[in-house]
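Read through the structure below, which is laid out as structure tokens, and then see the notes.
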Amino acid sequence: METDIIIIGAGPGGYEVAVRAAKQGRRVVLIEKRAVGGTCLNEGCIPTKCLCHSAEVLEQISEGPSLGITCESVAFDLRQAIARKDEVVGRLSSGIDMLLRHPNISVVQGSARFVDGHTVAVAAPDGGSAEETLYTAPHIIIATGSVTKRLPIPGADSAGVVTSTEMLRLEQLPQRLCVIGGGVIGLEFASIFRSFGSEVTVVEYCKEVLPQFDKDIAKRLRTALKKRGIVFHTGAAVTAIEHLESGASLVSYEEKGRTESLEADLVLMAVGRAPYFEGLGLSEVGINHTPRGIVVDENMQTSVPGVYAVGDVNGLCQLAHAATFQSYRALDHIMERPSPTRLDIVPAVVFTSPEAATVGLSEEALTAQGIAYTTHKSFYRANGRALTAGAEEGLVKLLADPNDGRILGAHILGAHAAELIHEVSQLMNVDGTLSQISHSVHAHPSMSELILGAAGE
């Protein structure tokens with residue numbers, strides 16, 4: 001079968017661009033061996049945010065007495081929270097199915113492999129048939145995403161050790177949860193399950209959690225989570241996990257030159273994700289790749305002309321929205337038109353309690369690159385809306401060029417950080433300045449005044 005564009009993978013980097021290309025008159029074959037929506041919808045962003053909301057409601061209930069609200073009895077049902085998560089995922093999956101019912105889109109279930117730079121062979125997803133169907137197109141987009149990683153240590157695959165995928169299917173709340181990894185995934189689950197009532201310990205190899213974030217924000221977030229009862233061991237290397245006869249797991253780690261250990265009823269392995277291109281046959285057709293991902297240029301094009309790689313599989317930025325906009329960049333190149341999207345301005349959010357968000361360069365990155373900057377801060381405790389909402393924990397930090405005030409980075413810790421970051425992100429897309437923020441009227445009282453306050457220093 002001949003078509004205009006073949007897309008391998010129906011996650012955010014695949015189905016979104018399939019719909020856009022179809023609306024622009026291109027015939028698309030979209031190949032997916034699992035469920036549409038990818039990791040984000042089925043095992044990542046959306047399911048965890050469902051549990052985040054359950055955790056948030058529990059936290060709000062616990063604050064009730066100080067607000068004059070008393071609940072006689074409060075109980076948490078993990079199975080019901082998981083059931084609601086499944087219902088939300090189901091509704092969104094149905095929505096994607098509707099979007100893909102476009103006359104220019106053919107959705108194919110199966111596993112793909114390259115035959116050559118313009119041809120893909122697709123086998124049945126269950127492997128029951130040896131026959132393959134061939135699809136040919138002048139342009140191919142690889143959007144196969146990533147898979148969870150496990151540490152190469154004894155006991156990494158033992159009973160009682162799970163990944164984020166299994167965490168989203170739990171039926172019983174662990175009394176003691178050990179999270180290996182203090183990145184985005186690890187901290188979100190740590191925050192969620194602490195709200196649910198678990199005793200949570202985080203073991204992180206780096207000196208600080210969220211190593212990709214501004215260190216000031218990361219440290220403050222760790223401090224806030226410690227106040228909620230989460231125990232942290234940073235600069236600690238997990239060396240082994242042993243499954244005990246009691247059913248618990250013994251986690252051994254090296255910290256400050258000492259061998260330590262802790263027991264947990266459940267261990268979450270949250271040490272990152274690796275690009276997934278197993279079985280694609282990249283080497284056979286000359287597509288350059290490394291363990292970090294498929295090598296691409298600024299247009300997401302691989303070493304084979306006409307073949308593109310977007311999202312987690314190229315290793316540039318493991319965020320669902322990054323995958324979507326990378327795919328738009330690829331489509332713009334296919335359509336031979338300039339791309340308006342700036343892929344250097346990509347906001348990232350950690351949905352902990354409190355939230356953390358970042359966009360642009362951190363202080364550490366600016367210093368490493370020898371770029372001069374000024375720092376501008378405002379604090380939640382001085383914001384009227386934050387105080388009325390009982391959300392005085394946090395700050396906004398803006399980093400700007402000392403000459404023209406152009407914003408180089410923004411970092412937020414606190415309530416609604418996920419929404420607040422976008423005012424700055426949009427402005428950065430047009431090389432906006434602190435002055436443009438400070439001369440823009442913001443509603444009072446509102447959290448947005450935190451941005452105004454930082455810019456107006």
Quick one: which residue in Ala309, Ala270 is closer than 24 Å to Gly235 by Cβ, touching a Phe, Trp or Tyr at 6+ places or on another chain (Cβ under 9 Å) and of a type in the set (Gly, Ala, Ser)?
-> Ala270
Scanning segment 402-419 for residues that are of a type outside the set (A, V, I, L, M, F, W, C) and outside any strand (DSSP E or B), which turns out nearest to Ser435 (Cα to Cα)?
-> Gly405
All positions within segment 142-161 that are within 16 Å of Leu244 (Cα to Cα), among the aliphatic types (A, V, I, L, M) and surrounded by fewer than 20 Cβ atoms within 10 Å (Cβ to Cβ) = Ala156, Ala159
Do we find a residue being touching a helix residue (DSSP H, G or I) at 6+ places or on another chain (Cβ under 7 Å), at pLDDT 95 or above and in a strand (DSSP E or B) anywhere in segment 295-318?
-> yes
Looking at (1) more than 30 Å from Val349 (Cβ to Cβ); (2) not in a helix (DSSP H, G or I), which is the only condition Pro65 fails?
-> (2)
Considering residues that are over 21 Å from the mean Cα position of the chain (by Cα), of a type in the set (A, V, I, L, M) and closer than 18 Å to Ala418 by Cβ, the number found within segment 353-395 is 4
Residue count, segment 352-396 (criterion: on the phi > 0 side of the Ramachandran plot and surrounded by fewer than 14 Cβ atoms within 10 Å (Cβ to Cβ)) = 2
Quick check: is even one residue across segment 206-226 aromatic (Phe, Trp, Tyr) and within 30 Å of Ile334 (Cβ to Cβ)?
-> no
Any chance segment 7-30 includes a residue that's crowded, with 23+ Cβ neighbours inside 10 Å and on the phi > 0 side of the Ramachandran plot?
-> yes
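Being among the charged types (D, E, K, R) and in a loop (DSSP other than H, G, I, E, B) is the filter here; which residues of segment 420-439 pass it?
Initial filter on segment 420-439 (among the charged types (D, E, K, R)): 423, 431.
Correct list: Asp431 only.
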State the number of residues belonging to segment 63-102 that are over 28 Å from the mean Cα position of the chain (by Cα) and hydroxyl-bearing (Ser, Thr, Tyr).
-> 3
Residue, farthest from Val108 (Cα to Cα), within segment 35-85, restricted to residues that are of a type in the set (D, E, K, R) and free of Cβ contacts under 8 Å to residues at least 24 places away in the same chain | Glu72
Restricting attention to segment 271-279, does a residue exist that is of a type in the set (Ser, Thr, Tyr), assigned to a loop (DSSP other than H, G, I, E, B) and under 23 Å from Thr148 (Cβ atoms)?
-> yes
Given (1) assigned to a loop (DSSP other than H, G, I, E, B); (2) closer than 18 Å to Leu168 by Cα, where does Glu72 come up short, assuming only one miss?
-> (2)
Just checking, how many residues over segment 440-454 are touching an Asp or Glu at 6+ places or on another chain (Cβ under 7 Å), closer than 14 Å to Gly384 by Cβ and not in a loop (DSSP other than H, G, I, E, B)?
-> 0
Can you tell me how many residues in segment 256-276 are in contact (Cβ under 8 Å) with a residue 24 or more places away in the chain and β-branched (Val, Ile, Thr)?
-> 2
For segment 264-291, what are the residues that are among the acidic types (Asp, Glu) and either loosely packed, with under 15 Cβ neighbours inside 10 Å or within 23 Å of Val184 (Cβ to Cβ) (or both)?
-> Glu278, Glu284
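Out of the residues in segment 181-240 that are among the β-branched types (Val, Ile, Thr), more than 21 Å from Glu393 (Cβ to Cβ) and touching a strand residue (DSSP E or B) at 6+ places or on another chain (Cβ under 7 Å), state the one that is surrounded by the fewest Cβ atoms within 10 Å (Cβ to Cβ). Let's see the steps before the verdict.
Of the residues in segment 181-240, the ones among the β-branched types (Val, Ile, Thr) are 184-185, 192, 200-203, 209, 217, 223, 230-231, 234, 238-239.
When the remaining residues are screened for being more than 21 Å from Glu393 (Cβ to Cβ), the result is 185, 201, 203, 238-239.
Next, only the ones that are touching a strand residue (DSSP E or B) at 6+ places or on another chain (Cβ under 7 Å) stay: 201, 203, 238-239.
Working: Thr201: 20, Val203: 25, Val238: 24, Thr239: 16.
Out of the qualifying residues, it is Thr239.
Look at Val349 and say whether it is aliphatic (A, V, I, L, M) and either under 30 Å from Pro402 (Cα atoms) or surrounded by fewer than 21 Cβ atoms within 10 Å (Cβ to Cβ) (or both). Even if it seems obvious, please write down each step before you answer.
On the way: aliphatic (A, V, I, L, M): yes; either under 30 Å from Pro402 (Cα atoms) or surrounded by fewer than 21 Cβ atoms within 10 Å (Cβ to Cβ) (or both): yes.
When the stated conditions are applied, Val349 passes them.
Yes or no, residue by residue, for (1) part of a helix (DSSP H, G or I); (2) in contact with a Leu (Cβ under 9 Å, 6 or more places away or on another chain); (3) among the small types (Gly, Ala, Ser); (4) over 20 Å from Ser362 (Cβ atoms):
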| site | (1), (2), (3), (4) |
| --- | --- |
| Ala190 | yes, yes, yes, yes |
| Glu208 | no, no, no, no |
| Phe213 | no, yes, no, no |
| Ala218 | yes, yes, yes, no |
| Leu221 | yes, yes, no, no |
| Gly229 | no, no, yes, yes |
Exactly one of (1) over 30 Å from Tyr380 (Cα atoms); (2) surrounded by fewer than 15 Cβ atoms within 10 Å (Cβ to Cβ); (3) not aliphatic (A, V, I, L, M) is unmet by His139. Its number?
-> (2)
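Within segment 435-457, how many residues turn out to be surrounded by fewer than 19 Cβ atoms within 10 Å (Cβ to Cβ) and touching a strand residue (DSSP E or B) at 6+ places or on another chain (Cβ under 8 Å)?
Step one: filter segment 435-457 for residues surrounded by fewer than 19 Cβ atoms within 10 Å (Cβ to Cβ), giving 435-436, 438-446, 456-457.
Cutting the leftovers down to touching a strand residue (DSSP E or B) at 6+ places or on another chain (Cβ under 8 Å) gives us 457.
Qualifying residue count, segment 435-457: 1.
The values are calculated or read from the model by the stated rules, or taken from the named source; none is laboratory data. This one's a predicted model, so the numbers in the text were calculated from it and none came from an experiment. Counting neighbours? That spans all protein chains shown, and the Cβs are built from the backbone with ideal geometry, glycine included.
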